[in-house]
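*Asks:* Please see the structure below; I have some questions.
Where a number appears in this text, it was derived from the coordinates with a stated rule and is not lab data. Keep in mind that what you see is a predicted model, and the values were worked out from it rather than measured. No Cβ is skipped: glycine too gets one built from the backbone with ideal geometry, and neighbour counts run over all protein chains shown.
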Amino acid sequence: MKVYPTEKIRNIGLFSHGGAGKTSLAEAMLFQTGANSRIGKVEDGTSMMNYDQEEIKRKVTIGTSLAALEWKDYKINLLDTPGFDDFLGEVHKVVWAVDAGIVVLNAASGVEVGTEKNWKILNDHNVPRMVYLTKPDKENLNLGKIFENLKAFDPKITPIMIPLGTSTNFQGVIDLLEMKAYYYADETGKKVEVKDIPADQKEFAAKVRESSVESIVECDDELLNKFFDGQTITNAELRGAIAKGLAKNMIKPLLSGMPVKNIGTDLLLDFITSCMPSPIDRGTIDAKAATGDQVVKINPKADEPAVGFVFKKINEQAGDMVFIRCFSGTFNPATEYYNSNRENTERFGNFTTLRGKNKVEMEKLIAGDIALIVKPKVSLRGDTICEKSRPVILPVPPLPTAKLTYAVTPKTKQDQEKMGSGLQTLCTDDGVLRYEYDPELGQGLVSGMGDTQIDVAISRLKSRWNVEVDIVKPRIPYRETIKGKSRVQGKHKKQSGGRGQYGDAWIAFEPLPGKDFEFVDAIVGGVVPKNFIPAVEKGLQEARKRGVVAGFLTIGFRATLDFGSYHDVDSSELAFKLAATLAFKKGIAEAKPVLLEPIYELQVTVPDNYMGTVIGDINSRRGRILGMEPLTGQQLVKAHVPLAEMYKYATDLKSMTQSRADFAMTFDHYEEVPAQVTDQIVKEYGKAAEEIEE
């Protein structure tokens, strides 16, 4: 592929609610630009963009895919992101790499929850965007009502190109600036006839145009003055104002089409190249000097020092691949550059771009462009690659945190290491997915945004590493403590011919609320020699790892060694360590031991109309409401909830609120388990503790 100058590059992200038709739009653009000989379909597995085996199997987009398109001497880097809630992390990765977005809307469904979430992310990063209205062939559509609802959602949404008829009467699109109708006369969508707008639609089109012109002129002070003065404004001036307004995120133009029939795709491509912002329009961005807090301005110019950002990593059978956006300068092949995050060098062999899974060679990577690097030495997502003469670090957009956790166990013990290695690789690629082994609970824990994300990871583990696993509810890290006092003797005495073993320790136990563990040496007169006292403490430390109630770590107590005895020959550190263990088991059992459970602070952001349902559910989980804070159209509910009651809360909350609520949890404190729950926990975890010990 030839090298395009920065001003001729467009980096566009596709965003939508799942199933709105964004991947179909990408397929139509591939076909229209000649990158594919047909329009691929997600439903039958022929999509160029959804080429991953999991995507083909599930018929949904799972990971962001790249398509480098060439249209009328412009290059469009199209990044197709997942619309499904579980893979929203991909959107967070892409917003830093694109200069503008296309938000695809299903005309029949309007603004759905996925649209709202994507819109918020784009707002948070101030990403310019347009709206693309698809599927206008659906029955019972009222375009007037659709545009009214979109204006209520965001007043900046401004129709520029609307459907020419709806349902069975849909034939093409109406350009509201030119006030012309575009009829698509064949099945390929490449034969177009431009005519006057039909009489039965002309009045509606004129009314929508009038409202749109008012929004467009607000993007340009000179045009706004001409508008108020009643002067004629040309279509070229309107298009110029749209381009200016888009670059400043002042307007969100709406276009329309039907990707599966390639209707309106040519006009969309023209709009992208003529009105959507280029990397130059994005302007300078701020980086931080790698050695200090100095802010460095990064200019989107090919003759500046090279600066690139790795925004995505994937691992395939052929090895690792990373996606890099060049923000400044020029990267040349067979040249060594500096990874300022890793403080290491990275030598690029060559650059390629993608059209789905098909690689296209690139001569070099210049400011504003996006490329793929195969088998990088050290680079991962979030890294800045630059010239060593000017080391800088670009900010890394935060990813959402995992919400749902399962315990994961290989079906055969021999696969334990392979499972851990595979999951770590998948987690590094994903960024949101998490895996860790908890030695206390004896379980590997995999966490994700939801069931589907975790299910995809487990499926890939089987297909790529040949490891089958079981996923179950994770164990809870309970704790134990005491509410009373005791003083006991721990005496270890053993004679078996030759040298014996003798250790005798009197230890007093008492509560120490809010603390972990404290050991006090109160020996007077050397009844326990000083060299054996550390062994007593060590014995208590080891013994408290397995509490007397259900085998959990015992906390919140003080142990005072105040008396004992020893034998000149038979006493040893081991004997006193074992004596301390005996004292612990006896003393804690006599000091009113209780079970503690982890209590988390839960914060739920929930729309007002779901408040009652969410609060009722929290109460049913033994939760205590701490308070509520009003937000715009929402409430922030704060509560303390036992971790044991929060299994699959992410899934349940989605179901309760149609995915419109979100939550975060942080550990707060430990609290005594209600008596009626303790017996059940002891019964459940007694066996688990034995398994861990084995």
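*Asks:* Please list, ordered by chain and number, the residues whose modelled amide H lies under 5 Å from the amide H of Arg10; skip anything fewer than 5 residues away on the same chain.
*Replies:* Residues meeting the amide H criterion: Lys75, Ile76, Asn77.
*Asks:* By how many nm would the segment from Lys473 to Thr232 grow when fully extended, if each residue of separation counts as 0.36 nm and the alpha-carbon distance is taken off? Numbers along the way, then the final one.
*Replies:* Numbers: separation 241, 0.36 × 241 = 86.76 nm, distance 6.84 nm.
Length gained, Lys473 through Thr232: 79.9 nm.
*Asks:* Right, something else. Could you list, in their original order, any pairs among Lys135/Lys191; Lys151/Lys226; Lys41/Lys473; Lys515/Lys592 whose Cα atoms are separated by more than 28 Å?
*Replies:* Pairs exceeding 28 Å: Lys41/Lys473.
*Asks:* Over region 259-411, how many percent of alpha carbon pairs lie in each 10 Å bin up to the one with the longest distance?
*Replies:* Bin by bin from 0 Å, the calculated values are 10, 33, 30, 18, 7, 1.
*Asks:* Next question. Points 7 angstrom from Cα along the Cβ direction at Glu187 and Thr345: gap in nanometres?
*Replies:* In this crude label model, Glu187 to Thr345 measures out at 5.8 nm.
*Asks:* Which peptide among 535-547, 277-289, 334-346, 195-207 comes first, and what is the full order, when sorted by highest mean count of other Cβ atoms within 10 Å? Walk me through the numbers before you get to the answer.
*Replies:* Values: 535-547: 20.2, 277-289: 17.7, 334-346: 16.1, 195-207: 13.1.
By packing density, highest mean first, the sequence is 535-547, 277-289, 334-346, 195-207.
*Asks:* A further question on this structure: Based on the Cβ-Cβ distance of Asn123 and Ala589, what FRET efficiency does E = 1/(1 + (r/R0)^6) give at R0 = 56 Å, to the nearest 0.05? Provide the component values of the computation, followed by the final result.
*Replies:* Numbers: r = 59 Å, r/R0 = 1.05.
It comes out at approximately 0.45.
*Asks:* Another question, if that's okay. Applying 1/(1 + (r/R0)^6) with R0 = 22 Å to the Cβ-Cβ distance of Glu43 and Asn140, what FRET efficiency is obtained, to the nearest 0.05? Don't jump to the answer; show the numbers that get you there.
*Replies:* Numbers: r = 23 Å, r/R0 = 1.06.
FRET efficiency, Glu43 to Asn140: 0.40.
*Asks:* A further question on this structure: At 0.36 nm per residue, minus the direct Cα-Cα distance, what do Asp200 and Asp455 gain on full extension? Give it in nm, one decimal, please.
*Replies:* Working it through step by step, the gained length comes to 86.7 nm.
*Asks:* Starting from the 7 Å offset along Cα-to-Cβ, what nm value, one decimal, do you get for the label separation of Asp438 and Glu210?
*Replies:* Modelled inter-label distance: 6.5 nm.
*Asks:* Just grab the label-to-label distance for Asp521 and Arg464, each label 7 Å out from Cα along the Cβ direction, in nm (one decimal).
*Replies:* A separation of 5.4 nm, rounded to one decimal place.
*Asks:* Here are labelled values, (1) 193; (2) 209; (3) 178, and one is the computed volume of the Cα convex hull per residue in Å³ for what I pasted. Which one?
*Replies:* Among (1) 193; (2) 209; (3) 178, the one derived from this structure is (2).
*Asks:* Within region 329-363, which residues have the backbone N less than 18 Å from the label spot 7 Å out from Lys375 along Cα→beta-carbon, could you tell me?
*Replies:* 333-337, 345-353, 359-362
*Asks:* Further question: Which translational diffusion coefficient, to the nearest whole µm²/s, is obtained for region 482-542 from the Stokes-Einstein equation, given a Kirkwood hydrodynamic radius over C-alpha pairs, 37 °C and 0.692 mPa s?
*Replies:* Values: Rh = 13.5 Å.
After rounding, the answer is 242 µm²/s.
*Asks:* Working from Cα positions, state the angle (0 to 90°, nearest 10) between the long axis of helix 113-124 and the longest principal axis of the chain.
*Replies:* 90
*Asks:* For a quick check: with amide H placed at 1.01 Å from N, whose amide H comes under 5 Å from Arg355's, ignoring anything fewer than 5 positions away on the same chain?
*Replies:* Ala68, Val360
*Asks:* Same structure again: List the pairs from Lys75/Lys180; Lys75/Lys301; Lys248/Lys313; Lys93/Lys377; Lys75/Lys312; Lys538/Lys585 whose alpha-carbon separation is above 23 Å, in the order I gave them.
*Replies:* On the way: Lys75/Lys180 28 Å; Lys75/Lys301 17 Å; Lys248/Lys313 30 Å; Lys93/Lys377 21 Å; Lys75/Lys312 20 Å; Lys538/Lys585 14 Å.
In this structure, Lys75/Lys180; Lys248/Lys313 exceed 23 Å between Cα atoms.
*Asks:* Let me ask something additional. Kindly list the residues of region 560-580 that lie in the label zone of Asn531, defined by a backbone N under 14 Å from the point 7 Å along the Cα-to-C-beta vector.
*Replies:* 567-576
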